Amino acid sequence: MPTTHTIPLNRQTLHGHFSPDLAPILRVQPGDTVVACTLDANWYTEPITVEPSFSGVKFAPLDPELDAGHAMIGPIYVEGSKAGQTLAVHIRDLRPEPWGWSATGGYPSWINDTFGISGREHRVWHKWDLDLDRMIGRDERGHTVTLKPFLGLIGMPPPESGIHSTTPPYAWGGNMDCKSLVTGSMLYLPIPVDGALLSFGDGHAAQGDGEVSGIAIECGMSRVELMLDIRDDFPVSAPVANTPEGWLTMGLDANLNVAAMSALEAMVDLMARLFSVERHEALALASTVVDLRVTQIANRVYGIHAMLPHGAVR
């Protein structure tokens, strides 16, 4: 029978880099479920303050090298999984903490450079109170937004030994920042290493496609529930997901045009499989119903996802 594993939030279960050399914190069988809470991406443990200056309490102790990236839970070893197989991650439940933050400017990036706000004097912070009953966020300036929580980061390490950044997304997942991966989604990822070694974190209470300032409403999650399985009958070479809105395929590259073509090719292959048609016919169908969306432009490697709404082709 499948088992549900509850992961505590502590120094032993948290890490801030990807590596196939990390020892797993948990070993699960295919079909098992993991339940955990997560810190926000920047390791904050309490609501931040924005006036008179930004400040926040971070988890401690932190290693300046090993914990330089997003705060992640994991890695989780999936018994029997082999490199080249597909890991299926069923996102069953996501519940944000009742607070979050967002910001813009204050550090060098191509986005901030474009707007002339790379200097620290241009940093603007927003503190958000998150009403989880009405699913509305309100900041200290009185702005309100609709909450649509998701995990910005779900993924596995590169197969090469060593320390790898959590910032760029990889073919096997990671910091994808795809706002469509909400509760009820099934995410398919190519497994890069035996055992999978899945990690997750970077809760977002709300984000637009693109994550255009480089930061969403960052938040911890009071509950993350994921069911993990292995699929031999659904090969993928990059992230694919069946979401409540529709099927999506993701392209990742330092060039947005290349990312777009990768997402489109994967969608054409998926549609050819779903509707039993040739690729050229799938491309013609895709042009009538599929949306290409900019997933994010904030993470060194850009993301494009192609979205096929459920019921668009009958």
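The values are calculated or read from the model by the stated rules, or taken from the named source; none is laboratory data. All of these numbers come straight from a predicted model, not from anything done at the bench. Heads up, the Cβs are rebuilt from the backbone with ideal geometry, glycines too, and the neighbour counts pull from every protein chain shown.
Tabulated results
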read-out	value
So Ser222, is it of a type in the set (Ser, Thr, Tyr) and farther than 24 Å from Val301 by Cβ	yes
Selected residue (criterion: surrounded by the fewest Cβ atoms within 10 Å (Cβ to Cβ)) from residues of segment 276-298 that are in contact (Cβ under 8 Å) with a residue 12 or more places away in the chain and of a type in the set (D, E, K, R)	Asp291
Criterion: surrounded by fewer than 23 Cβ atoms within 10 Å (Cβ to Cβ), in contact (Cβ under 8 Å) with a residue 24 or more places away in the chain and among the basic types (Lys, Arg) - qualifying residue of Arg231, Arg273	Arg231
Any chance Gly214 is at pLDDT below 95 and either within 30 Å of Val124 (Cα to Cα) or crowded, with 22+ Cβ neighbours inside 10 Å (or both)	yes
Tabulated pairs, segment 114-141, first in contact (Cβ under 8 Å) with a residue 24 or more places away in the chain, second among the basic types (Lys, Arg) and part of a loop (DSSP other than H, G, I, E, B), C-beta under 9 angstrom, 6+ apart or interchain	His126/Arg141
Checklist (1) assigned to a loop (DSSP other than H, G, I, E, B); (2) under 15 Å from Pro169 (Cα atoms); (3) in contact with a Pro (Cβ under 7 Å, 6 or more places away or on another chain) applied to Gly214, failing item	(3)
Wholly within segment 108-184, strands (runs of 3 or more DSSP E) carrying at least 1 residues that are of a type in the set (Val, Ile, Thr) and over 20 Å from the mean Cα position of the chain (by Cα)	124-131, 136-139, 144-146
Hey, Val301 crowded, with 22+ Cβ neighbours inside 10 Å and in contact with a strand residue (DSSP E or B) (Cβ under 9 Å, 6 or more places away or on another chain) or not	no
